[in-house]
Amino acid sequence: MTEPLVRYDTTNGAAYLTIDSPHNRNAISQRLLADLSAGLQRAAADDAARAVVLTHTGTTFCAGADLKEAATGAGSGASGPNDSRSGAGSDPKSRTLAMIGAMRGIIECPKPVIAQVDGHVRAGGFGLIGSCDFVFAGPAASFAVTETRIGVAPAMVSLVLLPHLPSRVASTLLLTGRKFDGAEAAGYGLITAAVDDPATAVAEQLAELQLCSPQGLRETKQILWHDVLRSFDERADALGEQSARLFGSPESVEGITAFLQKRAPSWAEPVPAE
């Protein structure tokens, strides 16, 4: 039996969903999204959980899309040939729909979702943390919206990134793909706080949430996320189509190939002097 890429545990009144896909640095694969969606559904029905904590193993919270899966059209390399999810529906359009579904799943979860981050967040990883109600990042956390560097665009993650960012900050981060730390992310409003010990910060947040009624939390989440969900309804299909189109383009093929080969893409090579 294949081990899930998102582990489920209940402790201290919360459901912990731990991203555990070390073979690809917790990158977003079809299998991971399916396991995450299953975990969110389980947490929503878990009477022992007042909230959900989304965390990770290793030094990377999420490396973004699984570029090997995107490049080959096959399923995650961790799955075996008999895994019914391996390669199934892994074309660009199916992957974008699955990612949009996972983001909506976090937002529409009737319980607050807290991201506990002490590692790198890249590209599509912002779709996960941007959909959470709270995000606490430790000293090892770093952030970068890197889509432009491989020939695509942060189409889907923009749905949950842009509501948090002033337009000039969004231009700086999304157009350049540069790396920034937790303190900077907190200053922009992308995360709740940069902390020395994210596990302790999450425990303190959970203690506050235990004072709140399940109904109160559920109904308040609906108010807080109303406008974002409306933008999903209005724009998700078009952004999903854009993302799928870009992932099949010659520039993205070059960008992804360069990344996998650990070389600079053609557009980043120095222009020879005349």
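Please compute the per residue accessible area over the stretch 173-274 with all protein chains in place, 1.4 Å probe, rounded to a whole number of Å².
64
What is the Å³ per residue value for the convex hull set by the Cα atoms of the stretch 5-75?
Dividing the Cα hull volume of the stretch 5-75 by its residue count gives 71 Å³.
One quarter of the convex hull surface, Cα atoms only: what value does that give for the stretch 116-240 in nm²?
8.0
Let me know the longest stretch in the chain that avoids all trypsin sites (Lys or Arg not before Pro) found in a DSSP loop with at most 14 other C-beta atoms within 10 Å.
Longest gap between qualifying sites, sites excluded: 1-177.
Non-local amide H neighbours of LEU54 (under 5 Å, H modeled in plane, Pro and chain starts lacking H): which ones?
Here the answer is LEU17, ILE114, ALA115, GLN116, since their amide H atoms fall under 5 Å of that of LEU54.
Classify the stretch 220-274 from the C-alpha gyration tensor, please: rounded if a/c falls under 1.5, else prolate or oblate depending on whether a/b exceeds b/c.
Note, shape of the stretch 220-274 comes out prolate.
How large, in percent, is the carbon and sulfur part of the accessible surface of the stretch 217-274 at a probe radius of 1.4 Å?
56
Can you tell me the equivalent ellipsoid semi-axes for the stretch 88-155? Use √(5λ) from the Cα gyration tensor, largest first, whole Å.
The three semi-axes for the stretch 88-155 are 22, 18, 8 Å.
If one puts a single equal scatterer on every Cα of the chain and applies the Debye formula without solvent, what log₁₀ I(q)/I(0) results at q = 0.07, 0.17 Å⁻¹?
Evaluating at q = 0.07, 0.17 Å⁻¹ gives log10 I(q)/I(0) of -0.24, -1.47.
Quick check: with the 1.4 Å probe, what order do SER249, SER213, SER167 take by accessible area, largest first?
SER167, SER213, SER249
Suppose a student asked you for the relative contact order of the chain, using Cα pairs under 8 Å spaced at least 6 residues apart; what percent would you report?
This gives 18 percent for the chain.
Pick from PRO198, PRO250, PRO163 the residue whose mean-square fluctuation is largest in a GNM of the chain, springs joining Cα atoms under 10 Å.
The residue that fluctuates most here is PRO250.
Taking only pairs that are 8 or more places apart or on different chains, how many Lys pairs in the chain have Cα atoms under 21 angstrom apart?
Pairs that pass both the separation and distance tests number 4.
I need the per residue convex hull volume for the stretch 170-257, using only the alpha carbons, in cubic angstrom as a whole number.
Normalising the Cα hull of the stretch 170-257 by residue number yields 169 Å³.
Quick one: if you take sqrt(5λ) for each eigenvalue of the C-alpha gyration tensor of the stretch 129-200, what semi-axes come out, biggest first, whole angstrom?
Listed largest to smallest, the semi-axes of the stretch 129-200 are 21, 13, 11 Å.
The values are calculated or read from the model by the stated rules, or taken from the named source; none is laboratory data. All figures in this text were calculated on a predicted structure; none of them were measured in a lab. Note that each Cβ is placed from the backbone with ideal geometry, even for glycine, and that neighbours are counted across all protein chains shown. Ligands, DNA and RNA are excluded from the accessible area calculation, which covers all protein heavy atoms including side chains. Shrake-Rupley method; radii C 1.70, N 1.55, O 1.52, S 1.80 Å.
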